[in-house]
1. Please tell me if L83 is at pLDDT below 95 and under 15 Å from E21 (Cα atoms).
2. So which residues in the range 35-55 are farther than 14 Å from L67 by Cβ and either touching a residue at least 40 places away in the same chain (Cβ under 8 Å) or among the polar types (S, T, N, Q) (or both)?
3. Looking at (1) open to solvent by 20 Å² or more (accessible area, probe 1.4 Å); (2) modelled with pLDDT of 90 or more, which is the only condition A96 fails?
4. For the range 28-47, name all the residues that are within 24 Å of Q134 (Cα to Cα) and either small (G, A, S) or within 16 Å of the chain's Cα centre (by Cα) (or both).
5. What are the pairs with Cβ atoms under 7 angstrom where one residue, in the range 129-145, is under 14 Å from Y90 (Cα atoms) and at pLDDT 90 or above and the other, located anywhere, is open to solvent by less than 20 Å² (accessible area, probe 1.4 Å) and in a helix (DSSP H, G or I)? Sequence gap at least six, or different chains.
6. Within the range 25-58, can you find the residues that are open to solvent by 70 Å² or more (accessible area, probe 1.4 Å) and either on the phi > 0 side of the Ramachandran plot or of a type in the set (S, T, Y) (or both)?
7. Just checking, does the range 129-136 include any residue being out of contact with any helix residue (DSSP H, G or I) (no Cβ under 8 Å at 6 or more places or on another chain) and hydrophobic (A, V, I, L, M, F, W, C)?
8. Can you report the number of residues in the range 65-81 which are assigned to a helix (DSSP H, G or I) and either exposed (fewer than 14 other Cβ atoms within 10 Å of the Cβ) or in contact with a Ser or Thr (Cβ under 6 Å, 6 or more places away or on another chain) (or both)?
Amino acid sequence: DVYKRQVQDLVEHYEIRMALEMLAVEKAAEHFQAQDAPPLVAILNEMYTTGDAARYVELNHQFHLSLYGLGGRSRLLTMIEELRNASIAYNHLYAAADVPKDAERLDREHREILAACQAGDPLRAANAVRHHIQQTIVHVTKLLEQGGNI
């Protein structure tokens, strides 16, 4: 079944991303400095207020990669960027369909990731990223089940 394979591939893709992004955010939390926060907060503020799905996806990508970049692991960052780019179609599908109604939850999840880094708490940051990506898997899988095509 093509649909079932597509969903399995999607879930596997996000599981791999989750493992790598959890490691990346742990490193970011370990290296986080107070001056790192304002540009990230500015991205989150724009994400929250934009009504443009394509812009939201772009800002979301920028937030995560900027944050993970603080960990100083360039090879890890490159791998994550490649995986995130590979799932961009899913992100656009999700943003167009669900971001408007999920804006509060998404904003809370992103701000928790940032707060954990600001607190210098790698475990809390990793758990926040795990939760965030698990929620994305749930929502994107649901969209596919409702007939959203990639």
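The values are calculated or read from the model by the stated rules, or taken from the named source; none is laboratory data. Not measured: the values here are computed from a predicted model. Reconstructed Cβ throughout: ideal geometry from the backbone, glycine too, with neighbour counts over all protein chains shown. These accessible areas exclude ligands, DNA and RNA; they are computed on the full protein's heavy atoms, side chains included. Shrake-Rupley method; radii C 1.70, N 1.55, O 1.52, S 1.80 Å.
1. yes
2. Applying the first criterion (farther than 14 Å from L67 by Cβ) to the range 35-55 yields 45-46, 48-55.
N45, Y48, T49, T50, G51, A53, A54 - these are the residues of the range 35-55 that are farther than 14 Å from L67 by Cβ and either touching a residue at least 40 places away in the same chain (Cβ under 8 Å) or among the polar types (S, T, N, Q) (or both).
3. With respect to (1) open to solvent by 20 Å² or more (accessible area, probe 1.4 Å); (2) modelled with pLDDT of 90 or more, A96 is out only on (2).
4. Answer for the range 28-47, where residues must be within 24 Å of Q134 (Cα to Cα) and either small (G, A, S) or within 16 Å of the chain's Cα centre (by Cα) (or both): A28, A29, L40, V41, I43, L44, N45, E46, M47.
5. These pairs meet every condition: I133/Y14; I133/R17; I133/E21; Q135/E109.
6. Within the range 25-58, Y48, T49 meet the criteria.
7. Pass one, the range 129-136, residues out of contact with any helix residue (DSSP H, G or I) (no Cβ under 8 Å at 6 or more places or on another chain): none.
The answer is no, given that none of the residues of the range 129-136 is out of contact with any helix residue (DSSP H, G or I) (no Cβ under 8 Å at 6 or more places or on another chain) and hydrophobic (A, V, I, L, M, F, W, C).
8. Residues of the range 65-81 assigned to a helix (DSSP H, G or I): 65-69, 74-81.
Right, trim to either exposed (fewer than 14 other Cβ atoms within 10 Å of the Cβ) or in contact with a Ser or Thr (Cβ under 6 Å, 6 or more places away or on another chain) (or both) and you get 74-75, 78.
Counting residues in the range 65-81 that are assigned to a helix (DSSP H, G or I) and either exposed (fewer than 14 other Cβ atoms within 10 Å of the Cβ) or in contact with a Ser or Thr (Cβ under 6 Å, 6 or more places away or on another chain) (or both) gives 3.
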